[in-house]
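Nothing in this text is a laboratory measurement; each read-out follows from the coordinates by a stated rule. Just so it is clear, the structure is predicted and the values come from calculations on it, not from any experiment. All Cβ positions, even for glycine, are placed from backbone atoms using ideal geometry, and neighbour counts span all protein chains on display.
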Ligand SMILES: *Cc1c(COP(=O)(O)O)cnc(C)c1O
């Protein structure tokens, strides 16, 4: 099977498992786990922040980030198809009591102008615009990457308006690989930033949340409240360290495979995709003009050993990652071509 459903499907290989088996551990709620401490320090350094926190999932990273930086009744400005809106079970309403102010944007990327217009001046009738949240790369935007200057400008406007900035950086390192910048090019503008270890980086579990020292201490309390305080979790943190050491450089290969898929799809009859939109490892395309539903294409390709998902009645998504080789990418293309042209 060629599994293009998500970059979360990667499995730890022998070297990563060996690092996990040999990890030195302790009780992390007592802050006794040397491997977790090493992962947190390594991530803080990578993201250019004072501190970082290991959390079980990217969703928890975002929940903790919002909860630690807001009060009930505050407003969080974000894009309408962002992960925090679509895929976090309304956690921010349920657990933080915040109102999400959802702005529409092409490929999920907010403009500085619309953020400026959305931030509310002090007024007894208004909620407080407490956080501006941006997603980089943007998942439902097809892996779209924010230009660094756009993030800098959004953050300048947010801070001027008294709001903090959170980056949902589940795939931040994909953005960095695409643009050719260090993570700090983005994170220096943000008060908090998440990062998934369990996507393209190939770890089985875990995300990171980075920011200033006092923010991370508050986030640690929130994580405990949510039931995310973990014990001898160095065994998992070791996989994260391995992922950061070995699987960052190679993200460019996933981007090249995604580009190959996009260019091949663009040539197929009735498939709509602009390869220029495929900047990272996500490939979103539309099959309306084929007279097919996403489900029909997904099922037909499934039978041919190529897995991906429908994300709308006629929209499909493929994701490249470290368990899909160039040869498998070519095989997926050849199966698609065979099905759609014969
Ligand atoms: C995957 C993802 C997350 C976190 O997902 P989990 O499954 O909870 O780890 C957060 N934000 C974005 C943009 C994502 O793609």
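Before moving on, here are some points about what is shown:
- Selected residue [within 15 Å of the ligand (Cβ to nearest atom), on the phi < 0 side of the Ramachandran plot and either surrounded by fewer than 17 Cβ atoms within 10 Å (Cβ to Cβ) or touching a residue at least 40 places away in the same chain (Cβ under 8 Å) (or both)] from 109, 46: 109
- Scan of the range 123-152 for residues that are closer than 25 Å to residue 74 by Cα and either surrounded by fewer than 23 Cβ atoms within 10 Å (Cβ to Cβ) or more than 16 Å from the ligand (Cβ to nearest atom) (or both), ordered by number: 123, 124, 125, 126, 127, 128, 129, 130, 150, 152
- Residues in the range 160-181 that are more than 16 Å from the ligand (Cβ to nearest atom) and in contact with a strand residue (DSSP E or B) (Cβ under 7 Å, 6 or more places away or on another chain) were compared, and the one that is farthest from residue 282 (Cα to Cα) is 161.
- Selection of the range 241-282 for residues being buried (at least 19 other Cβ atoms within 10 Å of the Cβ) and under 16 Å from residue 323 (Cβ atoms) yields 242, 243, 247, 251, 254, 255, 257, 258, 261, 281, 282.
- Filter result for the condition that a residue is within 14 Å of the ligand (Cβ to nearest atom), more than 22 Å from residue 230 (Cβ to Cβ) and in contact (Cβ under 8 Å) with a residue 12 or more places away in the chain, over 70, 81, 59: 81
- With respect to (1) free of Cβ contacts under 8 Å to residues at least 12 places away in the same chain; (2) part of a loop (DSSP other than H, G, I, E, B); (3) within 16 Å of the ligand (Cβ to nearest atom), the lone exception for residue 94 is condition (2).
- Condition met for residue 64 (within 27 Å of residue 240 (Cβ to Cβ) and not in a loop (DSSP other than H, G, I, E, B)): yes
- Only one entry in 240, 229, 200 is part of a loop (DSSP other than H, G, I, E, B), within 16 Å of the ligand (Cβ to nearest atom) and either under 16 Å from residue 8 (Cβ atoms) or touching a helix residue (DSSP H, G or I) at 6+ places or on another chain (Cβ under 7 Å) (or both), namely 200.
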